[in-house]
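Visitor: There's a structure below that I have some questions on.
Every number here is computed from the coordinates shown, using simple stated rules; none is lab data. Please read all numbers here as calculations on a predicted model, not as lab measurements. A quick note on method: Cβ atoms are made from the backbone with ideal geometry, for glycine too, and the neighbour counts reach across all protein chains shown.
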Amino acid sequence: MPVKIFKNFFGRIFSGIFRNKKEIKLGFYGPPNVGKTSLANRICKDFTGEEIGSVSKIPHETRNVQFKEKVEIEYKGKKMTFKLVDTPGIATKIDYEEFLKYKMNKKEAKERAKEATQGVIESIKWLDDMDMVVVVLDATENPYNQVNITIIGNLVARKIPVIILANKIDMKKADIKKIEMAFPEYDVIGISAKYGKNLEEFYESIFKLSKRV
C-alpha cells in the first residue's frame, strides 16, 4: 500500500473514532415557560436517570445556565454523546411587577427580575460555546414576536445548526402551522415534553444535524 494511501486510510479511521467520541454541546433556548427544562429533564432522565433542573409555573424559574455532561443518546442502534445545556428563558423586557402576580413581595420580585435579567445575558454569552441549538417554542402561543426573532437572529449570525421544536402539542390550542409559517427555512417538530410525545422524531433530527457539527 503506497504511503499516501496508507496515511489517508488510517487518517479516516482515526478521525472517525475521535469524531464519534466527541461530546457535542447542545443548547436549549427559547422564551420563558415554553418547556426547555422539562424537555432537558426528560432526555436526561431517559438516558442518565437524573434530571437537570427544577421547573415551575412562575416565569424565569431557570435563572442560571445549567448543564449535564456526557449524556449518551441512543437512536436506532447509534449512540452520540452530548453536553446538554439548559439556558434561562430569553426575554426582551423583564419587569418585577410580573412576579407580584405569583404572591411574591416587592423585594423578592425585584430580586427575581434582577436574576432573570442576568440569566438572559448569560444565555446569549453561552451561544458562542454551542455546537447545536434546540429552539423550544410554545405551540399554543403566537410565534411572531421580538423574542423569537432575536433568538433565531443570533443563531443565524453565528451560523449555528438549529432545530425548532413546537412544544405542548398535547394542548388543544396548539398550532404547529403558525410556527412553520413564521420560520419556513427550518423544519419544525411538534413534541410534548410533558408526555414524551414525538421525541423519536426529535432524536432523529439531532443525529442528522450533528453531521454538520
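Visitor: Just grab the label-to-label distance for Lys22 and Asn145, each label 7 Å out from Cα along the Cβ direction, in nm (one decimal).
Guide: Placing both labels 7 Å beyond Cα along the Cβ direction yields 3.5 nm.
Visitor: In what order do Phe207, Phe82 fall by count of nearby beta-carbon atoms within 10 Å, going from fewest to most?
Guide: Ascending number of Cβ neighbours within 10 Å: Phe207, Phe82.
Visitor: Quick one: if you stick a label point 7 Å off each Cα along the C-beta vector at Lys194 and Glu111, how many nm between them?
Guide: 3.0
Visitor: I need the semi-axes of the equivalent ellipsoid of region 23-212: take the C-alpha gyration tensor, multiply each eigenvalue by 5, square-root it, list largest first in whole angstrom.
Guide: Working from the Cα gyration tensor, I get semi-axes of 26, 18, 17 Å.
Visitor: Go ahead and collect, in residue order, the members of region 19-48 whose backbone nitrogen is under 20 Å from a label point 7 Å along the Cα-Cβ direction of Tyr186.
Guide: Within reach of a label on Tyr186, which here means backbone N under 20 Å from a point 7 Å along Cα→Cβ, region 19-48 contributes 24-43.
Visitor: Helix 199-209: angle to the longest alpha-carbon principal axis of the chain, degrees 0 to 90, nearest 10?
Guide: Once rounded, the angle reads 50 degrees.
Visitor: Suppose we flag GluC sites (Glu not before Pro) only when DSSP calls them loop and at most 15 other Cβ atoms lie within 10 Å. Which is the longest uninterrupted stretch of the chain?
Guide: That gives 51-184 as the longest site-free run.
Visitor: For Lys78, list the lysines whose Cα falls under 24 Å from its own Cα; do not include residues on the same chain fewer than 8 positions away.
Guide: Once the sequence-local lysines are set aside, what remains near Lys78 is Lys21, Lys22, Lys25, Lys45, Lys68, Lys70, Lys197, Lys208, Lys211.
Visitor: Using +1 on the beta carbon of Lys and Arg, -1 on that of Asp and Glu, and nothing else charged, what's the dipole of the chain about the Cα centre, debye to 20?
Guide: 560
Visitor: Same structure, new question: Straight-line reach only, C-alpha to C-alpha below 19 angstrom: list the lysines that Lys101 could link to, leaving out same-chain residues fewer than 8 apart.
Guide: Output for Lys101: Lys57, Lys93, Lys110, Lys114.
Visitor: Is it possible to state the helix-based mean residue ellipticity at 222 nm for the chain, with each DSSP H run of 4+ residues giving -39500 (n - 2.57), the sum divided by total residues, to the nearest 500 deg cm²/dmol? What is it?
Guide: Here the helix-only value at 222 nm equals -13000 deg cm²/dmol.
Visitor: Can you sort Leu100, Leu26 so the residue with the fewest Cβ neighbours within 10 Å comes first?
Guide: Ascending number of Cβ neighbours within 10 Å: Leu100, Leu26.
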